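Read the structure below first, then the notes.
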Amino acid sequence: MTANLRFDQIRLPEECEALRREVRAFLADEIAAGTFDPQQPGHGDSHSHEFSRRVGAKGWIGMTWPKSYGGQERTFLERFVVTEEFRVANAPVRLHFVADRQSGPILLKYAPEHVKMDILPRICRGEVCFVIGMSEPNSGSDLFAAKTKATKTDGGWLINGTKIWTSNAHIADYMIGLFRTSPSTKENRRHGLTQFLVDMKTPGINVNPVIQMTGQHDFNEVVFEDAFVPDDYMLGEIDGAWKQATSELAYERSGPERFLETFYVLVALIEALGPKPDLRSAEGLGRLTAQLHTLRRMSVSVAGMLQAGKEPSVEGSIVKDLGTAWEQKLPGRVRELAAFIESEATNRATLEEQLAFATTIAPKLTIQGGTTEVLRGIIARGLGLR
Ligand SMILES: Cc1cc2nc3c(=O)[nH]c(=O)nc-3n(C[C@H](O)[C@H](O)[C@H](O)COP(=O)(O)OP(=O)(O)OC[C@H]3O[C@@H](n4cnc5c(N)ncnc54)[C@H](O)[C@@H]3O)c2cc1C
């Protein structure tokens, strides 16, 4: 292993288990009250204003942030537990999740004080939805080719251009967008991009739906026509956002949500196999569980490194690559193991329904948050291989 790659051996401490019990009790109450159905595929992709507010009231949004901004000053390992439990339960976290995971940390680092004081407590209360404005029609993986322009004007900037695949833009309050403020240079093709906070209610912003193959409306095209962004919504260094966007991706890529999006098919398989599975199924299930356990150890390790103030972008990319490849194959593996389950077995019908949904969403798993090929390029560079 090279010095550039390191997975610290981290175990979740005891306080995390106490928190896990608390989160499970909260989720059980929500399920009993009918807020969401953990068996319903796709529920983890839905949103509920009331649910997000109740999660905020528990102190589980922005939980690692300073108390002065509404946070709880808890650890990344505790945040890991909350994320894991919510994802496993298929809870509707869509409204607050992006803000909690990556937009809030960007504002914490780069926004002016009055903007932080205005927005971060609202995120912590589960009141606002953030989206990521990076991809464009002709610059998906190649972020540094972004063309959407921010042009200086009196007191701010005028934005013109189009972002695409913008998850949740139709329900969003704010975007953190990557816009071109100068041309790239010969020496540095990454130069010339700046990050901005954008209020999605600004005149000149149009959100057009892009419907997925499941029929769900998750992502969008966002068109900017002379949309005004004030000076104090400029984040960090002018023309130097490539550094900021790269560190943002370490938060985006390594969490347990990256390999638990279709976890429900594994649970449904266990229920359909019953307490005495045949040897072949038991072996297959054991193999899947061991692989999942390894992924989880790696993801916990990245959370621990974030807690220690490190920037584990290569390790995060490895977790995302291995995790999404594993998850993409999961529906196929579950289908093979389920082949001999009697049609009248308990939960057989639910398993079929869940498998159908998980199979339809599987292609996107290795694209969202950075494609497999791009991640492997980052890993190779981190290992000094290119
Ligand atoms: C469900 C979903 C939600 C998303 N949400 C958002 C969002 O909220 N905000 C946002 O900004 N983006 C979002 N994206 C975009 C996503 O993060 C990807 O970056 C983007 O889809 C990839 O760009 P592209 O589709 O233009 O493909 P391209 O970049 O054109 O890639 C096409 C193919 O070429 C390969 N390729 C590209 N460059 C290289 C290279 N250098 N080396 C080797 N192979 C390469 C890719 O791996 C891929 O197989 C989302 C995508 C999905 C699927």
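The values are calculated or read from the model by the stated rules, or taken from the named source; none is laboratory data. These numbers were taken from a predicted model, which means no experiment stands behind them. Reconstructed Cβ throughout: ideal geometry from the backbone, glycine too, with neighbour counts over all protein chains shown. Just the protein is used for accessible areas: all its heavy atoms, side chains included, with ligands, DNA and RNA removed. Shrake-Rupley method; radii C 1.70, N 1.55, O 1.52, S 1.80 Å.
Some notes on this structure:
- Subset of the stretch 211-238 (residues that are part of a strand (DSSP E or B) and of a type in the set (D, E)): D218, E221, E225, D226
- Test for G70: is it modelled with pLDDT of 95 or more, at positive phi and in contact with a strand residue (DSSP E or B) (Cβ under 8 Å, 6 or more places away or on another chain): no
- Look at (1) within 30 Å of E17 (Cα to Cα); (2) out of contact with any Ser or Thr (no Cβ under 9 Å at 6 or more places or on another chain) and you find that E336 fails only one, number (1).
- Matching residues, the stretch 275-331, being open to solvent by 30 Å² or more (accessible area, probe 1.4 Å) and not in a helix (DSSP H, G or I): P275, K276, P277, D278, A308, G309, K310, E311
- Qualifying residue in the stretch 48-56 (condition: within 14 Å of the chain's Cα centre (by Cα), touching a residue at least 24 places away in the same chain (Cβ under 8 Å) and open to solvent by 10 Å² or more (accessible area, probe 1.4 Å)): no
- One residue stands out among those in the stretch 347-386 that are small (G, A, S), part of a helix (DSSP H, G or I) and more than 16 Å from the ligand (Cβ to nearest atom): the one that is farthest from W326 (Cα to Cα), which is A349.
- Some residue of the stretch 32-50 being within 22 Å of D118 (Cα to Cα) and not small (G, A, S): yes
- Selection of the stretch 357-374 for residues being open to solvent by less than 40 Å² (accessible area, probe 1.4 Å) and closer than 15 Å to M134 by Cβ yields G369, G370, T371.
- Search result, residues across the stretch 323-347 that are hydrophobic (A, V, I, L, M, F, W, C) and without any contact (Cβ under 8 Å) to a residue 60 or more places away in the chain: A325, A339
- Restricting the stretch 154-179 to residues that are over 23 Å from the mean Cα position of the chain (by Cα) and either of a type in the set (F, W, Y) or under 22 Å from N208 (Cβ atoms) (or both) leaves a set whose member that is nearest to the ligand (Cβ to nearest atom) is G161.
- Residue check, S182 part of a loop (DSSP other than H, G, I, E, B) and either more than 20 Å from I238 (Cβ to Cβ) or within 12 Å of the ligand (Cβ to nearest atom) (or both): no
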